[in-house]
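*Asks:* Okay, handing you the structure first.
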Number of protein chains: 2
Amino acid sequence: VRLSELGELGLLAELERRGLVEGIEHDAAAFGDGLVVTQDSLVEGVHFRLDWLSWRDLGFRAAAVNFSDLAASAARPEALLVSLGVPGASAFDDVVELYEGIAEAGVPVRGGDTTESPFVFLTVTALGRAERIPGRAGAVPGDALVVTGPLGAAGAAFREHRYVRPPLRVEEGLRLGRRAHALLDISDGVAVDAAHIARRSGCRVVLELDRIPLAAGATVEDLGFGEDFELLAATPEPEGFRIIGRCVAGEGVELLLDGQPAEVGGWSHFRRGS
Amino acid sequence: VRLSELGELGLLAELERRGLVEGIEHDAAAFGDGLVVTQDSLVEGVHFRLDWLSWRDLGFRAAAVNFSDLAASAARPEALLVSLGVPGASAFDDVVELYEGIAEAGVPVRGGDTTESPFVFLTVTALGRAERIPGRAGAVPGDALVVTGPLGAAGAAFREHRYVRPPLRVEEGLRLGRRAHALLDISDGVAVDAAHIARRSGCRVVLELDRIPLAAGATVEDLGFGEDFELLAATPEPEGFRIIGRCVAGEGVELLLDGQPAEVGGWSHFRRGS
């Protein structure tokens, strides 16, 4: 069987079943003492095109997607390790721009590796500290479903052959982390990510699409693209964030648009952890 | 200027000078509380060829080179994060073999990422704990220079289009870590790595090539290849390890073969951290 048939989640599930990896369903691994570590890779031609974003934006993005995973664990980033693969013919100035973009995310690079590579890739590891990690499995009927910002910007930009900078939601993650029953970042599309909460928590999530704040230029179809990197929480206390749905008894996700059943495509392929 | 002209160490030095990375001259980053984190990438066609080693050996190697960096910080590995890039057409069984090879190194995979990629690459992050990190800068005249095992196996194997499994020197690192003044792992070749100690410590290292234990099939020329991943320490107490030289007042590295000056090529290009 080929990996393209199995998909990334299928691969990880099989590896976990064989005892070869542990707890990979979460975006971040917790190591006791509140230490949380995330790792994410971006590959040229798969996750980005250098004619669609600058080296600086690529660096910012590589840091930001990891901070988003930390924020989803209610962890504050403390350090980065960056491994960069680039062709030897790459310009030094481009690589400096990339590291300047990483620095704009505000956390020092404390280690890593640079190597020659036929394509550009970046693996970033982010270390952070959390007081309380909500996880994904604690949502209960009665919880409000909240989101930390407008969605759809990434999908709208992609239609125009652009990337937008992911938001940094560290403070919002810490705020939600105090009481949320489930917390994650929206990487696969709000409906797919809401389904992660529903499945792990054993509840049903009702998502009211007309309550979801849309980014400028975005339509409801862009919600299926994912990569918005806003936080989605099931919580008894909305903490001032926009309520876009609720948890009820049952399973699965119910999408409502003006009170009527609706559908938004998810975005899941052999690509990145959910 | 192109990266290939600058070299990896030149690139890292420039990035550090600009304040974009910190403390990258060490193989491992220390985060307080004894936490030590390493990260290393292996890229197909640059660091390995899949017709020269099996998927299982590749997995073991990716874990082992990180454990070597931890051992050089006298740290015991506790967890791994593994990011794997592979073409979608790769066979699931090959990927399972790779993770089985990682598991043979004895430490659980607690997170990471899998992604499609046009070529195979692996970024492994290893987390460990150390009681005392010797660093590279503390060697003083009078210290013995010791090595934890025979050298040259990697160079000899490479001549036959093979790779050997790196040794795991965790216990040796902990033993040396108690009192060594400088400790690192031999990745660039013993003479180049001894020069790192000399430069950072501000002393001169006299290396007696005829005292260096050679691996089966290896010649003194293979010492310049590096990648042996044995530990090299400058220490007042040899702890039972083979003495291959000493630190004296001065600077640089002096190579002696049967008491006469000698030369062994180093191995330094745009490739990997020293």
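*Asks:* Any residue that is outside any loop (DSSP other than H, G, I, E, B), among the charged types (D, E, K, R) and open to solvent by 10 Å² or more (accessible area, probe 1.4 Å) - is there at least one of those in region B:63-70? Steps first, please.
*Replies:* Taking region B:63-70 as the starting set, the residues that turn out to be outside any loop (DSSP other than H, G, I, E, B) are B:63-70.
Adding the requirement that they be among the charged types (D, E, K, R) leaves B:69.
Adding the requirement that they be open to solvent by 10 Å² or more (accessible area, probe 1.4 Å) leaves B:69.
Yes.
*Asks:* Given the criteria in contact with a Cys (Cβ under 8 Å, 6 or more places away or on another chain) and either in a strand (DSSP E or B) or on the phi > 0 side of the Ramachandran plot (or both), does A:L145 qualify? First the steps, then the outcome.
*Replies:* Working: in contact with a Cys (Cβ under 8 Å, 6 or more places away or on another chain): yes; either in a strand (DSSP E or B) or on the phi > 0 side of the Ramachandran plot (or both): yes.
Criteria met by A:L145.
*Asks:* Do the conditions hold for A:G111, that is, is it small (G, A, S) and either at the interface with chain B (Cβ under 10 Å from one of its Cβ atoms) or in contact with a strand residue (DSSP E or B) (Cβ under 6 Å, 6 or more places away or on another chain) (or both)?
*Replies:* Details: small (G, A, S): yes; either at the interface with chain B (Cβ under 10 Å from one of its Cβ atoms) or in contact with a strand residue (DSSP E or B) (Cβ under 6 Å, 6 or more places away or on another chain) (or both): yes.
When the stated conditions are applied, A:G111 passes them.
*Asks:* Give region B:186-235 a look and list any residue that's touching a His at 6+ places or on another chain (Cβ under 8 Å) and among the aromatic types (F, W, Y), or say none.
*Replies:* Within region B:186-235, none qualify.
*Asks:* Evaluate region A:5-19: report whether one residue or more is within 11 Å of another protein chain (Cβ to nearest Cβ), part of a loop (DSSP other than H, G, I, E, B) and crowded, with 18+ Cβ neighbours inside 10 Å.
*Replies:* Within region A:5-19, none of the residues are within 11 Å of another protein chain (Cβ to nearest Cβ), part of a loop (DSSP other than H, G, I, E, B) and crowded, with 18+ Cβ neighbours inside 10 Å.
*Asks:* May I pose another question? If B:D113 satisfies every condition in (1) in a loop (DSSP other than H, G, I, E, B); (2) within 22 Å of A:V82 (Cα to Cα) but one, which is the exception?
*Replies:* Of everything listed in (1) in a loop (DSSP other than H, G, I, E, B); (2) within 22 Å of A:V82 (Cα to Cα), B:D113 misses just condition (1).
*Asks:* Could you list, in sequence order, the residues of region B:77-89 that are more than 22 Å from A:A29 (Cα to Cα) and under 29 Å from the mean Cα position of the chain (by Cα)?
*Replies:* We begin by selecting, within region B:77-89, every residue more than 22 Å from A:A29 (Cα to Cα); these are B:86-89.
Those that are more than 22 Å from A:A29 (Cα to Cα) and under 29 Å from the mean Cα position of the chain (by Cα): B:V86, B:P87.
*Asks:* Counting only residues that are more than 7 Å from every other protein chain (Cβ to nearest Cβ) and open to solvent by 10 Å² or more (accessible area, probe 1.4 Å), which one in region B:82-95 is farthest from B:V164 (Cα to Cα)?
*Replies:* B:P87
*Asks:* Oh, and also: Pairs please, first residue from region A:43-54 and under 20 Å from B:V43 (Cα atoms), second anywhere and small (G, A, S) and in a strand (DSSP E or B), Cβ atoms under 7 Å, 6+ apart in sequence or on different chains.
*Replies:* So the pair list comes out as A:V43/B:G85.
*Asks:* Take the residues in region A:96-113 that are closer than 26 Å to B:V36 by Cα and touching a Phe, Trp or Tyr at 6+ places or on another chain (Cβ under 8 Å), then tell me which one is surrounded by the fewest Cβ atoms within 10 Å (Cβ to Cβ).
*Replies:* Here the answer is A:E104.
*Asks:* Select from region A:160-177 the residues that are more than 22 Å from A:I102 (Cα to Cα) and without any contact (Cβ under 8 Å) to a residue 12 or more places away in the chain and list them in ascending order.
*Replies:* Within region A:160-177, A:E160 is the sole residue that qualifies.
*Asks:* Can you tell me which residue among A:A79, A:A74 is more than 8 Å from every other protein chain (Cβ to nearest Cβ) and in contact with a Pro (Cβ under 7 Å, 6 or more places away or on another chain)?
*Replies:* The conditions single out A:A74.
*Asks:* Continuing with the same structure: Taking the options B:R169, B:R132, name whichever one is away from chain A (no Cβ under 14 Å), closer than 29 Å to A:L80 by Cβ, open to solvent by 10 Å² or more (accessible area, probe 1.4 Å) and touching a Leu at 6+ places or on another chain (Cβ under 6 Å).
*Replies:* The unique qualifying residue is B:R169.
*Asks:* Also, quick follow-up: Filter region B:189-222 down to the residues that are in contact with a helix residue (DSSP H, G or I) (Cβ under 8 Å, 6 or more places away or on another chain) and among the acidic types (D, E), then identify the one that is surrounded by the fewest Cβ atoms within 10 Å (Cβ to Cβ).
*Replies:* B:E221
*Asks:* Additional query: Return yes or no: is B:A180 in a loop (DSSP other than H, G, I, E, B), modelled with pLDDT of 95 or more and farther than 22 Å from B:G101 by Cα?
*Replies:* yes
The values are calculated or read from the model by the stated rules, or taken from the named source; none is laboratory data. Because the structure is predicted, anything quoted here is derived from the model rather than measured. All Cβ positions, glycine included, derive from the backbone under ideal geometry; neighbour counts span all protein chains shown. The accessibility values were calculated without ligands, DNA or RNA, using every heavy atom of the protein model including side chains. Shrake-Rupley method; radii C 1.70, N 1.55, O 1.52, S 1.80 Å.
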